Amino acid sequence: MNRVTLAVLLAGLAVLAAGCSKKEADKPLEKTVNVTTAVAVQKDLPITESAVGSSTSLGVAQALDPNSVRRGTVTIRLPFPLDIVRRLKIGQPVNLTNFEDGKKAVGVVREIRPALSTMTQTVEVIVDVRDPGGWRPAGSVRGEVTLDIHRNASVVPEQAVVLRPAGAVVYVPAGDLVKERAVQTGQLRDGEIEILAGLKAGETVVVDGAGLLSDGARITRRAAAADAKTQP
């Protein structure tokens, strides 16, 4: 091999090496998602139903007897669906919230009217409550009843559950990576969701940032919120 041929060969190798170096330099860094996490906990989860209004799941209740205000008791009329009414009983507690100022009180079921409204398919449930002050006749009130309690339910923050084409999933940290886990969900209440299958109490899941993840994604945890527990 003469000197000219050797020089050409060496120049070609140098160009090839430079091209490979450029490709390595241009290779994008693996994306890391900044997340917070929470621990799945066990708690008793009330299963509730609110009086149903015409356009929302919050019932519209109005004072039935304005004179009762002067006696210190407010009577509330709550329209519940027939299938819910069948599970109620006289004397059952009802959690009431005044829409006007957010005041809360606990009343009791005094009467369940027999007539079914053909327009709304609801039955009026009459609730008595001691006047907490400031409630006025014809004011709007939400009434909520507890129908059942799921004992020792496993729950996580609602944001931890992500809907994918194959169904609901959560992301479980494994070092600085995550594993995608299919789950079966149950009741949703006060920002927490029940996990029926796929995750056990005590396991950690990603909360903020979960929607940006996929199986095997790389994460960093925000130190201030890492492994924050759901309120028991």
For the stretch 96-111, which residues satisfy the criterion of being under 12 Å from residue 140 (Cα atoms) and part of a strand (DSSP E or B)?
-> 96, 97, 98
Test residue 118 against the stated conditions and say whether it is buried (at least 16 other Cβ atoms within 10 Å of the Cβ), over 17 Å from residue 148 (Cβ atoms) and either hydroxyl-bearing (Ser, Thr, Tyr) or touching a helix residue (DSSP H, G or I) at 6+ places or on another chain (Cβ under 7 Å) (or both).
-> no
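Throughout, read-outs are computed from the coordinates displayed, never taken from laboratory work. Nothing here was measured: the structure is a model prediction, and the numbers come from that model. Note that we place each Cβ from the backbone using ideal geometry, even for glycine, and neighbour counts take in every protein chain shown.
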